[in-house]
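The values are calculated or read from the model by the stated rules, or taken from the named source; none is laboratory data. Just so it is clear, the structure is predicted and the values come from calculations on it, not from any experiment. Every residue, glycine among them, receives a Cβ derived from its backbone with ideal geometry; neighbour counts consider all protein chains shown. When the accessible area is computed, the model is the full protein with side chains, heavy atoms only, and any ligands, DNA or RNA have been set aside. Shrake-Rupley method; radii C 1.70, N 1.55, O 1.52, S 1.80 Å.
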Amino acid sequence: METFRTFDDFDDLKTHVEEFYSGRKIGLVPTMGALHIGHISLVERASKENDFVIVTIFVNPKQFNNKSDLSSYPRTIERDKALLNQFTNVAICIPKENSVYPEPDPYLGVDLGHLDEVLEGCYRPGHFQGVSHVVHNLFYLTNPSSAYFGLKDIQQFAVIKKMNEITGLNIELIGCPTIRSKEGLALSSRNEKLSNEGLRQSLIIIKTLRFVEENKTQYSPDDLKNKAIEFFQEGNLKLEYLDIVNAKTFKQIRNFEEPSVCCIAAYCENIRLIDNVLLESVLDNEKLK
Ligand code: AMP
């Protein structure tokens, strides 16, 4: 067993993998750093299911449609390394931009269709193309057997699935459950910027998602959406969207027989927060495939 290593270059990482893990199972956990227990849950699972795990930390400029959001994104590399140090089969890769986007660039673009037009796609133009591009290149450069993503970003998971299919990379994709604070707020690197009052006010998000879960048998999807918006507006957050859609296609649903998800994006103290709840009794990765 090996000790924990940090790489800042895919060539060194590739040499290391070829030397020690040739033919073995490699897991990839792409992140933008400022790691918290949500990220660590992905690493833990990847560490159990693979011989070797690569955690990438790269704040991807291509997925930020707002430049001040990019410059103010939290960067806590030393703390991130300390958090990952506990794993014996994990390495961190902290690549430079020109190594993630080499010339010529292996990404040829992917038509994300409807997924790029609704919810996050609608409010963050260019965001999902940026995500698709970076994840494609990370897959291409690290060649993992499987890759781990949080279902907190469920639309992002659908985008990556589509990119993976279209490009034929065929990496096994694992969607992992959302990790929350004990009060129910989905953990996010952005939460660090909230005041204590902001953290308290943000709980309206999970309260609304629970309201939707509890009332899905009482109303039609449209009526439930309207009731949920009313419920949310009793709090102090600025709502960007609340919608109930098919959890795979992100199209409108007619009834709750379909795999459905309620997604919310809202601002608290100028920090954009997103969360969702799958409207099924069992959170089943198989159903999202
Ligand atoms: P990020 O660093 O925000 O790009 O996130 C890296 C990965 O961690 C993504 O697959 C996210 O969906 C996942 N992730 C972020 N927050 C959580 C959370 N609270 N629970 C589970 N996964 C998460």
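Is segment 193-284 rounded, prolate or oblate when judged by the Cα gyration tensor, a ≥ b ≥ c being the square roots of its eigenvalues, rounded requiring a/c under 1.5 and prolate requiring a/b larger than b/c?
Prolate, since a/c reaches 1.5 and a/b exceeds b/c.
Per residue, how many Å² of accessible area does the chain show with a 1.4 Å probe?
Dividing the accessible area of the chain by its residue count gives 48 Å².
Kindly identify the chain as rounded, prolate or oblate by the Cα gyration tensor criterion: order the square roots of the eigenvalues as a ≥ b ≥ c, call it rounded if a/c is under 1.5, otherwise compare a/b with b/c, prolate if a/b is larger, else oblate.
Because a/c hits 1.5 or more and a/b exceeds b/c, the chain counts as prolate.
In percent, what relative contact order does segment 184-289 have, based on Cα pairs under 8 Å that are 6 or more apart in sequence?
That works out to 26 percent.
From the helices alone, meaning DSSP H stretches of at least four residues, give me the mean residue ellipticity at 222 nm for the chain, per-run term -39500 (n - 2.57), in deg cm²/dmol to the nearest 500.
After summing the helix terms and dividing by residue count, I get -11000 deg cm²/dmol.
Give me the percent of the accessible area of the chain that comes from carbon and sulfur atoms, probe 1.4 Å, all protein chains in place.
The value for the chain is 47 percent carbon and sulfur by accessible area.
Taking the Cα centre of the chain as origin, work out the dipole magnitude from +1 charges on Lys and Arg Cβ and -1 charges on Asp and Glu Cβ, in debye rounded to 20.
My answer is approximately 480 debye.
Specify whether the C-alpha gyration tensor of segment 11-74 places it in the rounded, prolate or oblate class, a ≥ b ≥ c being the square roots of the eigenvalues: rounded for a/c under 1.5, otherwise prolate if a/b is larger than b/c and oblate if not.
Taking the square roots of the gyration eigenvalues as a ≥ b ≥ c, segment 11-74 is oblate.
Say the dipole of the chain comes from +1 at the beta carbon of Lys and Arg and -1 at that of Asp and Glu; which of Gln129, Asn98, Ser202 then lies farthest toward its positive end?
Toward the positive end, the furthest listed residue is Ser202.
Over the chain, what is the relative contact order in whole percent, taking alpha-carbon pairs under 8 Å and six or more residues apart?
Reported relative contact order: 17 percent.
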